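Only one structure is covered here, and it is reproduced in the block below.
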Amino acid sequence: MTERREKLQWLKNSWNRRTSNRSLICSGSLRPSKPAGTPAFEFHHWMALLESREREALTLRFVEDWEYHEIATAKNIPIGTVQWRVFNAKKKLAPHLKARQAGRREAA
């Protein structure tokens, strides 16, 4: 039981360290420094389309490369909730990514 508590504490501490590095991305308050049409600009635009909870889950999962169970433990929420938030975020972003991909095909 003590080992499990130590792991949970490590995850929470890790969460706090990692959060400081990506807080601007998740908050949506960071304005892209790159001009429109660049991947960095598009990334920030897409992240602004999401709710903060979805943005946070998506960032932790794909930018920080956390596993679902790590996110669930650090945020103290069920793993199904994490999976749902990531799924909804991907679903919301899909039309934008498809439009971008279609634009690339036309240009080629």
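Every read-out reported here was derived from the displayed coordinates using simple, explicitly stated rules and does not represent laboratory data. The shown structure was predicted, so the numbers you read here are calculated from the model rather than taken from an experiment. Here the Cβ is made from the backbone with ideal geometry for all residues, glycine too, and neighbour counts use every protein chain on show.
Once fully extended, how much extra length lies between TRP84 and LYS98, figured as 0.36 nm per residue of separation less the alpha-carbon to alpha-carbon distance?
2.9 nm
Considering only the other residues whose Cβ falls under 12 Å of the Cβ of ALA89, what net charge follows from Lys and Arg at +1 and Asp and Glu at -1? Walk me through the intermediate numbers first.
Values: positive: ARG53, ARG55, ARG61, ARG85, LYS90, LYS91, LYS92; negative: GLU51, GLU54, GLU56.
Net local charge, ALA89 excluded: +4.
Please list 3J(HN,Hα) in residue order for segment 46-53, calculated via the Karplus relation 6.51 cos²θ - 1.76 cosθ + 1.60 where θ = phi - 60°; whole Hz, with x for glycine and proline.
The phi angles translate into 5, 5, 5, 6, 8, 6, 4, 5 Hz.
So if each residue of separation counts as 0.36 nm, and I subtract the Cα-Cα distance between PHE62 and ALA48, what length gain in nm does that give?
3.4 nm
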